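Please treat every number below as a calculation from the coordinates, not as lab data. Keep in mind that what you see is a predicted model, and the values were worked out from it rather than measured. Glycine also receives a Cβ, built like all others from the backbone with ideal geometry; neighbour counts cover every protein chain displayed.
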Amino acid sequence: MNAALVVVTGMTLLTVIGIAFGGTFMLRVVSGAQGANELQKTYFRAGHAHAGVLVTLGLVVALLSDAAGAHPAWSLAGAIGVLSAAIFIPAGFFLSVLGKNPKQPNRMTVSLWIGAAVLVIGLLISGVAVIAAGVSAI
């Protein structure tokens, strides 16, 4: 694995600490210890779930593209795209329902759309890079 990808995956592993802390926040929300309306509860659940799933997907993409022998720059670009989505999408869920008692999400939902676009681009780069590595190995 190239050095830049090793650094990115190492940094990503450290973010799991934040996701775990988010789990304790979710326990407080669900148990009622942390005040939240139904919209907030729904968005907080979605944000926490997307963070965990997208970080896992980003790590899998990094390892898979490297194991397939994809060009290091493409492996890095694809993994960073997916891992960036793991920031933008949860941020959109959490930040769009901040406040005492929001009735609807605020403009931070744009972060969801940015994250979705970055996710698609990262997966496209990684998928093509893995296919190209496989074709060149034939």
Review point. If a residue has to be surrounded by fewer than 20 Cβ atoms within 10 Å (Cβ to Cβ) and of a type in the set (G, A, S) to count, how many in the stretch 85-102 make the cut?
Key: 2
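For the stretch 54-111, give me each residue that is among the basic types (K, R) and either in contact with a helix residue (DSSP H, G or I) (Cβ under 6 Å, 6 or more places away or on another chain) or in a loop (DSSP other than H, G, I, E, B) (or both).
Taking the stretch 54-111 and keeping what is among the basic types (K, R), we get 100, 103, 107.
Of everything in the stretch 54-111, those that are among the basic types (K, R) and either in contact with a helix residue (DSSP H, G or I) (Cβ under 6 Å, 6 or more places away or on another chain) or in a loop (DSSP other than H, G, I, E, B) (or both) turn out to be K100, K103.
crowded, with 20+ Cβ neighbours inside 10 Å, in contact with a Phe, Trp or Tyr (Cβ under 8 Å, 6 or more places away or on another chain), closer than 23 Å to I131 by Cβ and among the small types (G, A, S): is that true of S65 in this structure? Walk me through it before giving the result.
Details: crowded, with 20+ Cβ neighbours inside 10 Å: yes; in contact with a Phe, Trp or Tyr (Cβ under 8 Å, 6 or more places away or on another chain): yes; closer than 23 Å to I131 by Cβ: yes; among the small types (G, A, S): yes.
Criteria met by S65.
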**Study point:** Options V128, V120: the member that is over 14 Å from L54 (Cβ atoms) and without any contact (Cβ under 8 Å) to a residue 60 or more places away in the chain
**Key:** V128
Exercise for review: Mind counting the residues in the stretch 21-47 that are in a helix (DSSP H, G or I) and closer than 14 Å to V97 by Cα?
Suggested key: 11
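Yes or no, residue by residue, for (1) in contact (Cβ under 8 Å) with a residue 12 or more places away in the chain; (2) within 22 Å of V29 (Cα to Cα):
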site: S84; (1), (2): yes, no
site: P90; (1), (2): yes, yes
site: F94; (1), (2): yes, yes
site: R107; (1), (2): no, no
